[in-house]
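Visitor: Here it is, the structure, as structure tokens.
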């Protein structure tokens, strides 16, 4: 009897402790420009829900994700440089296709850690860390997964459109056919249902949107909202941003409807800068999606990096500096701004700090740092003394205001090096490589040392 009572008390103690922990919701947009929200100064976009998160939390002006989708997601999920888990190039896209790169199962995701602490976990949206059935969200801590295993789809027929195309909509590893249904609506409805079902227990909800990524298929009401905007590229982008914002609002509204806002950490971030992939179209006859040859599905190119140069796919600021917000009203400042360097890797340890969850002994080393010191004080220093990015054969390193970028010339097999300064009146517009060779060499060696350290042995 005594042993049974102790067991019940122990079990109840764990449940009671877990029940007090805050919920965690991560809203990860896709290809949203550096300053593309009202709270970042945009005057022509409609983003009341993103702005609401900024009003109830902290907005970061110097937040870094990565240059494209896959490495950003690896950094977010693991708190580590993507290279450590083998995410150094495009990951496997088609679950039914040839085996390719998949994030190593040895990587420990935020979902795995929170699940071990009693959280119910779900991912609705875009995974893009490898589509192989032996990998994926449900192999790395997510109790539920519905969405796309690769990088993007047509939102109505759910086909990946590059090359000859393939269908990409899954419940776990079970293919789902729902032609004609709008994918952002489907994934958000699943998110709302998850909140309803788990309102009385701690949950981790990861919502990696596939928008405003191309094809820019906005809701019709948002197309009408911007019908008079003269710039056609900005018009298309503004409409899909309004759609993205509306779906963010649906999730926040549902959390508030259950009186969970005071016990829910909401993190918002984009995975990289805006896209200028404006030439994408179907290039083959009899494409598997059913679209005819020459059907256009590219980006409009209407996103903005503000005063910064660059876009998605580049290591200039416009490719890697992104909007980012954390909102947790009872414990964090409201309407605050922080200018220190932060990264996607930092959310992992920050969430664990806020949720009072400890990692297991021997867990992989994190490259991110808890943001709590910065959150508490606008004068706290960033712990990132340098920033490193690598994708394929290209790379960048930043130290202070200086950034060295190495882009491989595929013909000569040599890297073209350019050196830029973020403090210039026109940041990064001038190449200082010929003027500061010693600085360039030091940064190059710094990068190579980092590359050796993060490459899997």
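FYI, it's all coordinate maths here, none of it is from the lab. If you're wondering where the values come from, they're calculated on a predicted model, not measured in any experiment. Counting neighbours? That spans all protein chains shown, and the Cβs are built from the backbone with ideal geometry, glycine included.
Visitor: Could you work out how far apart the two model spin labels at residue 98 and residue 233 are, taking each label as a point 7 Å from the Cα in the direction of the beta carbon, and quote it in nm?
Guide: Placing both labels 7 Å along Cα→Cβ, they lie 3.4 nm apart.
Visitor: Follow-up. What ranking of 342, 113, 278, 322 emerges when the number of other C-beta atoms within 10 Å of each C-beta is taken as an exposure proxy, fewest first? List each step's numbers first, then the result.
Guide: Working: 342 27, 113 23, 278 14, 322 30.
The fewest-first ordering by Cβ neighbours comes to 278, 113, 342, 322.
Visitor: Here's a follow-up. Please compute one quarter of the surface area of the Cα convex hull for the range 162-256 and express it in square nanometres.
Guide: Numbers: hull surface 32.3 nm².
Answer in nm², one decimal: 8.1.
Visitor: Same structure again: Sum -39500 (n - 2.57) across every DSSP H segment of at least 4 residues in the chain, then divide by the residue count to get the 222 nm mean residue ellipticity, nearest 500.
Guide: Details: 11 runs with 127 residues, N = 457.
It comes out at -8500 deg cm²/dmol, rounded to the nearest 500.
Visitor: Using a Förster distance of 25 angstrom, determine the FRET efficiency expected from the C-beta separation of residue 185 and residue 224, and round it to 0.05. List each step's numbers first, then the result.
Guide: Details: r = 18 Å, r/R0 = 0.71.
Calculated value: 0.90.
Visitor: So, one more: Apply 1/(1 + (r/R0)^6) to the Cβ-Cβ distance of residue 62 and residue 409, taking R0 = 45 Å, and write down the FRET efficiency to the nearest 0.05.
Guide: Values: r = 31 Å, r/R0 = 0.68.
After rounding, the FRET efficiency stands at 0.90.
Visitor: What shape does the range 252-397 have by the C-alpha gyration tensor, where a ≥ b ≥ c are the square roots of the eigenvalues, rounded means a/c under 1.5, and otherwise prolate means a/b greater than b/c and oblate the rest?
Guide: Since a/c reaches 1.5 and a/b is larger than b/c, the shape of the range 252-397 is classed as prolate.
Visitor: What ranking of 21, 59 emerges when the number of other C-beta atoms within 10 Å of each C-beta is taken as an exposure proxy, fewest first? Walk me through the numbers before you get to the answer.
Guide: On the way: 21 20, 59 24.
With the sparsest Cβ surroundings first, the list reads 21, 59.
Visitor: Pairs of alpha-carbon atoms within less than 8 angstrom and 6+ residues apart define the contacts here; what relative contact order does the range 217-341 have, in percent? Write out the running numbers ahead of the final one.
Guide: Working: 168 pairs, mean separation 31.3, N = 125.
It rounds to 25 percent for the range 217-341.
Visitor: Give me the one-decimal nm value for the distance between modelled label points at residue 417 and residue 284, 7 Å along each residue's Cα-to-Cβ direction.
Guide: 4.1 nm
Visitor: Hey, another quick one. For labels at residue 438 and residue 307 in the simple 7 Å Cα→Cβ model, what's the distance in nm?
Guide: 3.0 nm
Visitor: Can you tell me what share of the DSSP beta bridges in the range 386-454 is antiparallel? A percent to the nearest 5 is fine. Don't jump to the answer; show the numbers that get you there.
Guide: On the way: 19 of 19 bridges.
In the range 386-454, approximately 100 percent of DSSP beta bridges are antiparallel ones.
Visitor: Using a Förster radius of 56 Å, what is the FRET efficiency between residue 253 and residue 429 based on their Cβ-Cβ separation? Nearest 0.05, please.
Guide: Working: r = 42 Å, r/R0 = 0.76.
Once rounded, the FRET efficiency stands at 0.85.
Visitor: Would you mind ranking 173, 244 by Cβ crowding within 10 Å, fewest neighbours first?
Guide: Details: 173 17, 244 28.
Lowest to highest Cβ neighbour count: 173, 244.
Visitor: Over the chain, what is the percentage of antiparallel beta bridges among all DSSP beta bridges, to the nearest 5?
Guide: Working: 35 of 62 bridges.
Here the share of antiparallel DSSP bridges comes out near 55 percent.
Visitor: Relative contact order, percent, of the chain when contacts are C-alpha pairs under 8 Å separated by at least 6 residues?
Guide: Numbers: 1031 pairs, mean separation 103.3, N = 457.
Reported as a whole number, the value is 23 percent.
Visitor: Going by a ≥ b ≥ c, the root eigenvalues of the Cα gyration tensor, does the chain fall in the rounded group (a/c under 1.5), the prolate group (a/b larger than b/c) or the oblate group?
Guide: Working: a/c = 1.38, a/b = 1.16, b/c = 1.19.
Since a/c stays below 1.5, the shape of the chain is classed as rounded.
Visitor: Expressed in nm to one decimal, what extension gain is obtained for the pair residue 134 and residue 449 from 0.36 nm per residue of sequence separation less their Cα-Cα distance?
Guide: On the way: separation 315, 0.36 × 315 = 113.40 nm, distance 3.28 nm.
So the extension gain works out to 110.1 nm.
Visitor: Where a ≥ b ≥ c are the square roots of the eigenvalues of the C-alpha gyration tensor, would you call the range 369-428 rounded, which needs a/c under 1.5, or, failing that, prolate if a/b is larger than b/c, or oblate? Kindly include the intermediate steps, with their values, before the conclusion.
Guide: Working: a/c = 4.60, a/b = 2.01, b/c = 2.28.
Oblate shape, in that a/c is at least 1.5 and b/c is the bigger or equal ratio.
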